[in-house]
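The values are calculated or read from the model by the stated rules, or taken from the named source; none is laboratory data. Predicted model only: the values in this text are computed from it and were never measured. So basically every Cβ, Gly included, is an ideal-geometry build from the backbone, and we count neighbours across all protein chains shown. In case anyone asks, the SASA skips ligands and DNA or RNA and just uses the protein heavy atoms, side chains included. Shrake-Rupley method; radii C 1.70, N 1.55, O 1.52, S 1.80 Å.
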Amino acid sequence: MEKYMIGGVHALELTEKYGSPIYVYDTETIKRKFFLLKKAFSKIPHRIHYAVKANEAPEILMLMKDLGAGLDTVSPNEIRRALKLGFKVTDIIFTPSCPAINEIKFALENGIRIHFGESEYFEELGDLLKGVEVGLRINPDVHIEGNQKIATAHADSKFGIPLNQLPAVKQMEEKFGFKVVTLHIHTGSDVKTWQDLAKSFDSLLLQLPAFNNVNSLDIGSGLKVKYNATDHEIDLDAYTKYIKDKLENLGKSINIILEPGKFLVAEAGTLLASVNVIKQGYNKRFVGLNTGSNHLIRPMYYEAYHHIINISNMDGKMHIYDVVGQLCEEDTLASERALCEVRAGDILAIQNTGAYGYSMASFYNLRDKPRQILVENSAHRLISEDMVVI
Ligand SMILES: Cc1ncc(COP(=O)(O)O)c(C=O)c1O
């Protein structure tokens with residue numbers, strides 16, 4: 001029978017050794033994606049700040065550090081973890097959403113660059129901002145195709161400072177003596193076309209003349225990954241050519257900041273889960289797994305598609321199933337999915353789960369989180385084991 005391999009390791013050996021469910025990460029895939037992105041941006045002055053929220057495992061953050069990336073953080077604990085791992089303060093960006101004022105003060109005290117998504121904090125911070133370099137996350141009211149739950153730059157999104165507030169921010173910049181050095185936009189996650197990202201980039205360029213001190217544009221992320229055979233990845237070459245051409249015509253030197261999460265780690269992760277039961281419903285045949293939305297919330301939260309393979313029976317006859325979790329919820333991971341015949345005890349590989357998988361997992365129903373395993377140079381090791389405290 002064909003063997004399902006992850007980073008040179010037979011996946012079924014991993015479930016034999018570590019049990020299931022487990023998240024398995026292949027470091028080679030992360031490196032490959034990182035260098036792909038670096039290559040695409042090679043003609044543009046840029047810095048990659050990996051979005052910690054996608055997968056905050058210290059081993060993955062250390063890999064990013066070794067590759068030369070900085071970090072994009074959204075909470076004080078993400079900052080603390082980055083500092084503990086030896087990232088320099090200048091390697092860290094803080095892009096919070098509606099933070100508590102103390103969280104902003106924490107970042108300021110530690111000298112971390114803040115990208116403000118709300119103008120309401122400036123008055124309250126007042127003199128604390130004197131001489132501080134900041135970024136502004138703007139909301140340019142850009143509409144994108146695709147899943148609206150992860151579209152973050154349209155007028156009704158909570159994210160970013162509306163354009164009509166920027167003149168007032170300009171006045172506060174003078175009044176309190178801070179310096180806006182970066183303009184920032186994050187259009188959404190998994191944006192369908194590079195042209196939608198380009199619209200956001202253009203909206204940053206339009207604001208440039210109003211802010212003389214700006215030396216970098218943070219274009220966030222939204223870099224699409226391929227979730228199945230017929231899906232597509234972002235056209236990086238077209239996107240970077242567009243950015244390069246626009247920057248060349250600016251007559252001013254500008255650095256680009258990128259904050260990819262999914263693009264770097266999604267494909268590196270696989271959730272391996274075992275089949276508790278095959279259950280016949282009125283109309284459907286269910287595969288009941290020993291995992292669920294408590295470990296992988298994306299299908300229920302975002303209607304995300306994750307490709308699934310029965311790695312215990314890779315040559316079996318195809319049947320149609322609904323793959324469900326074991327929560328007291330309708331936690332469907334895949335519906336009407338063709339899989340090689342599934343039997344109780346089989347192991348299923350749920351692919352592309354390296355981003356927003358474990359990082360969004362919970363202890364719901366008092367179930368343990370999956371163990372996390374890192375595969376590196378065909379060797380593997382346990383990197384986390386997070387059990388319920390009874
Ligand atoms: C501000 C910001 N930057 C970067 C990211 C990472 O996005 P992605 O995982 O789609 O690359 C996010 C995701 O939510 C974000 O909110």
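In table form, for the structure just shown:
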item	result
Any hit, segment 202-212, residues being touching a Gly at 6+ places or on another chain (Cβ under 9 Å) and either within 16 Å of the ligand (Cβ to nearest atom) or open to solvent by less than 50 Å² (accessible area, probe 1.4 Å) (or both)	no
Residue that is farthest from Val24 (Cα to Cα) [pool: residues in segment 261-282 that are part of a strand (DSSP E or B) and among the small types (Gly, Ala, Ser)]	Ser274
Yes/no for Glu376 being within 19 Å of Val275 (Cα to Cα) and either at pLDDT 95 or above or not basic (Lys, Arg) (or both)	no
Residue in segment 294-311 that is of a type in the set (S, T, N, Q), open to solvent by 20 Å² or more (accessible area, probe 1.4 Å) and more than 16 Å from the ligand (Cβ to nearest atom) present	no
Flag if Thr270 is open to solvent by less than 60 Å² (accessible area, probe 1.4 Å) and more than 15 Å from the ligand (Cβ to nearest atom)	yes
Residue under evaluation Leu163, criteria (1) away from the ligand (no atom under 12 Å from the Cβ); (2) open to solvent by less than 30 Å² (accessible area, probe 1.4 Å); (3) within 12 Å of Leu204 (Cβ to Cβ); (4) aliphatic (A, V, I, L, M), criterion not met	(2)
Cross-chain or 6+ apart pairs with Cβ under 7 Å, segment 274-289 first and touching a residue at least 24 places away in the same chain (Cβ under 8 Å), then aromatic (Phe, Trp, Tyr)	Arg285/Tyr321; Phe286/Tyr321; Val287/Tyr321
When residues of segment 215-240 are limited to those that are more than 13 Å from the ligand (Cβ to nearest atom) and β-branched (Val, Ile, Thr), the one nearest to Ala304 (Cα to Cα)	Thr230
Selected residue (criterion: nearest to Val214 (Cα to Cα)) from residues of segment 135-169 that are of a type in the set (S, T, N, Q) and within 20 Å of the chain's Cα centre (by Cα)	Asn139
Per-region count, segment 133-156, residues surrounded by fewer than 17 Cβ atoms within 10 Å (Cβ to Cβ) and either hydrophobic (A, V, I, L, M, F, W, C) or closer than 29 Å to Trp194 by Cβ (or both)	9
